[in-house]
Amino acid sequence: MNVEYTDDPHPRNTYWEMFGMPMFDLKDPAGILMEINDCRKTFPNHYVRVTAFDSTRGWETPRMSFIVNRPKTEPGFRLIREERNGRSMGYTIIPYATDKPEGERYT
Amino acid sequence: MSETDEPIPDDVPPEDTEVDLETEFHSSNVQEVLDKLDRELVGLVPVKTRIRETAALLLVDRVRKQMQLSSETPTLHMCFTGNPGTGKTTVALRMAEILHRLGYVREGHLISVTRDDLVGQYIGHTAPKTKEVIKKAMGGVLFIDEAYYLYRPENERDYGQESIEILLQIMENNRDDLVVILAGYKDKMDRFFHSNPGMRSRIAHHIDFPDYRSEELLAIAKLMLAEQNYRFSPEADEAFAEYIDKRKKLEHFANARSIRNALDRARLRQANRLFNSTGRKLTKRDLMTLEAEDILASRVFAEGKPDTVDDGIPDDD
C-alpha cells in the first residue's frame with residue numbers, strides 16, 4: 001500500500017510525491033486509514049491517492065488506485081485549440097491551478 | 001470444565017432483559033481455545049486462571065455492551081513477566097486468538113518484535129520504524145519481547161524513549177485497533193515501569209509466569225518428543241528426570257527452552273549411536289526411542305556444566 005499526494009491535477013501527471021514509507025504486509029485496514037488521515041491532515045488542499053500493489057507476479061504491480069482527498073476548490077482546465085496544417089486541429093488542456101508554482105496552487 | 005460462573009454485573013438492566021451468557025460463551029468458541037491452552041501448556045496454573053478470568057471479563061463486557069451498559073472498549077494491553085522459557089510468547093499467541101474470538105481484535109494475528117524492530121539507529125529513523133511495526137500489527141496483537149530494553153536510562157539521547165512515546169500515543173488513541181503485550185523479566189520490567197509511569201497506567205493486566213517444576217519440565221519434554229514422534233525408553237525417562245534436576249541448578253537455565261535444546265542434543269547423540277551400531281538390524285522402534293545413554297552423555301553429568309558448542313558459549317541461550 002502506498003499513499004501519495006500532488007498538487008498538479010493534470011490527468012497525465014504520474015509523478016506523485018510519496019507520503020511516508022510504502023507499507024507492506026498489512027493485515028488490517030486500520031494502519032492504512034491512519035496514514036491516509038495523517039496525509040489529509042498535512043495536505044488538506046492537495047490531491048491524495050492510495051495505491052494498492054500486488055506482488056503475485058513477482059514484481060509490485062499497481063492493482064488498484066483511488067483518490068481519497070481533493071482540494072476544496074478546483075478551478076478546472078483551459079482547453080487550447082491549435083490550428084495545424086490543413087484544417088486539422090490539435091487539442092490540449094492546461095489546469096488553471098498550475099499557473100502558480102508548486103506548493104501555492106490550492107491555498 | 002465448565003467455568004461458567006462469570007461474575008455477572010450487579011447492575012443488569014432492571015427491565016429484566018434476559019442475559020444469556022451461556023449461549024454467548026458457546027458462540028464465541030472461546031472454550032475451545034481455553035481447552036487447547038490447558039492441553040498444550042503444562043503447569044502455569046496462575047497464568048491460566050488469569051487468562052480465564054480475563055476471557056470471562058471480556059465476555060461479560062461484550063454482553064454489557066449489547067445491553068448498552070458500557071460503551072468504552074476496555075483496556076486490553078497486557079504485561080507478561082517471567083523468566084526465560086516460561087511460555088510467554090506461546091500464551092501471547094493464544095491470547096491473540098482469544099481476543100479474536102471475542103471480537104476485540106479483528107484479525108487475531110501476532111506480531112512479535114524486540115527493541116531492534118522498533119528503535120532506529122539515527123535521528124528520525126525511530127518514528128517511521130515504530131510506525132511501520134504498529135501498522136503491521138493493527139487489527140491484531142503487538143508482542144514486544146524484552147520490552148524493558150526500550151528504555152535505557154544510562155543513555156540520555158537513546159531513541160528508545162521516542163519509540164515509547166509513539167507506542168503510548170497509539171495505545172491510547174487506537175485502542176480498538178491494537179492490543180499491545182509487553183514481556184520481560186520481572187525485576188527489569190518493574191524498573192521499566194517505574195521509569196515510565198505512563199506505560200504502567202495504560203496496562204491493565206499484569207500476568208506473572210512462574211518457573212516450571214521438575215515434573216512439569218519432564219511432562220513438557222515428553223510432549224515435545226511426542227510431537228516429533230520420539231519417545232524415552234524407561235531408563236531414559238529416569239535419566240532425563242535426573243538431568244532436569246541437575247540442569248536446573250546450573251546457570252543459564254531457561255526452563256522449557258533448555259529442555260528443547262537438551263532434547264535436540266539427545267537426538268543428535270541418538271542419531272550418532274544408531275549410525276555407529278552397524279552390526280545390528282535397526283527397527284522403527286530404534287528410530288523412535290531415545291535411550292538413557294543419549295542423555296547421560298551430556299556434560300551436565302560429567303562436568304556439571306551445560307553442554308557447549310565449540311566456542312565455549314552455552315548453547316542454551
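Sorting the segments B:132-142, B:118-128 by their residues' average number of neighbouring beta-carbon atoms within 10 angstrom, most packed first, yields B:132-142, B:118-128. For chain A, the 222 nm mean residue ellipticity estimated from helices alone, with every DSSP H stretch of n ≥ 4 adding -39500 (n - 2.57) and the total spread over all residues, rounds to -4000 deg cm²/dmol.
Rounded if a/c is under 1.5, else prolate if a/b is larger than b/c, else oblate: which is chain B, with a ≥ b ≥ c the root eigenvalues of its Cα gyration tensor? Since a/c reaches 1.5 but b/c is at least a/b, the shape of chain B is classed as oblate. Derived value for the range B:169-296: Kirkwood hydrodynamic radius 17.9 Å. Basis is the mean of 1/r over every pair of different alpha-carbon atoms. The fraction of Cα-Cα pairs per 20 angstrom bin, counted from 0 for the protein assembly as shown, comes to 20, 40, 28, 10, 3, 0 percent, rounded to whole percents. As a proxy for reagent exposure, ranking B:187, B:117 by other Cβ atoms within 10 Å from fewest up yields B:187, B:117. Inter-chain neighbour count for B:128-141: the average number of beta-carbon atoms from partner chains within 10 Å of each residue's beta-carbon is 5.
Which of rounded, prolate or oblate describes chain A when judged by the alpha-carbon gyration tensor and an a/c cut-off of 1.5? Here chain A falls in the oblate category.
Each residue in B:81, A:56 was given a count of other beta-carbon atoms within 10 angstrom of its own, and listing them fewest first yields A:56, B:81.
Here is how the number arises for chain B: DSSP H runs of 4 or more residues each give -39500 (n - 2.57), the sum is divided by the residue count, and the result at 222 nm is -16000 deg cm²/dmol. On a 0 to 90° scale, report how tilted helix B:126-137 is relative to the longest principal axis of chain B, with both axes built from alpha carbons and the result rounded to the nearest 10. Around 90 degrees separate the two axes.
Loop-located GluC sites (Glu not before Pro) across the range B:150-199 with a Cβ neighbour count of 16 or fewer within 10 Å are B:154, B:156, with loop assigned by DSSP.
When each of A:16, A:59 is scored by the number of other beta-carbon atoms lying within 10 Å, the sequence from fewest to most is A:59, A:16. Pairs from the list B:186/B:249; B:88/B:186; A:72/B:131; B:222/B:246; A:27/B:36 with a Cα-Cα gap above 22 Å: A:72/B:131; A:27/B:36.
Given +1 at the Cβ of Lys and Arg, -1 at the Cβ of Asp and Glu and no other charges, the dipole of the range A:2-71 around its Cα centre is 220 debye to the nearest 20.
Taking chain B as the reference, fit the longest principal axis to its C-alpha atoms, fit the long axis of helix B:160-173 to the helix C-alpha atoms, and give the angle between the two in degrees, 0 to 90, nearest 10. Computed tilt is about 50 degrees.
Short-range pairs are left out: with C-alpha atoms under 8 Å and at least six residues apart, the relative contact order of the range A:2-71 is 33 percent.
Every number here is computed from the coordinates shown, using simple stated rules; none is lab data. Every value quoted in this text rests on a predicted model; they were computed, and no experiment measured them. As a convention, Cβ positions derive from the backbone with ideal geometry for all residues, glycine included, and neighbour counts pool all protein chains shown.
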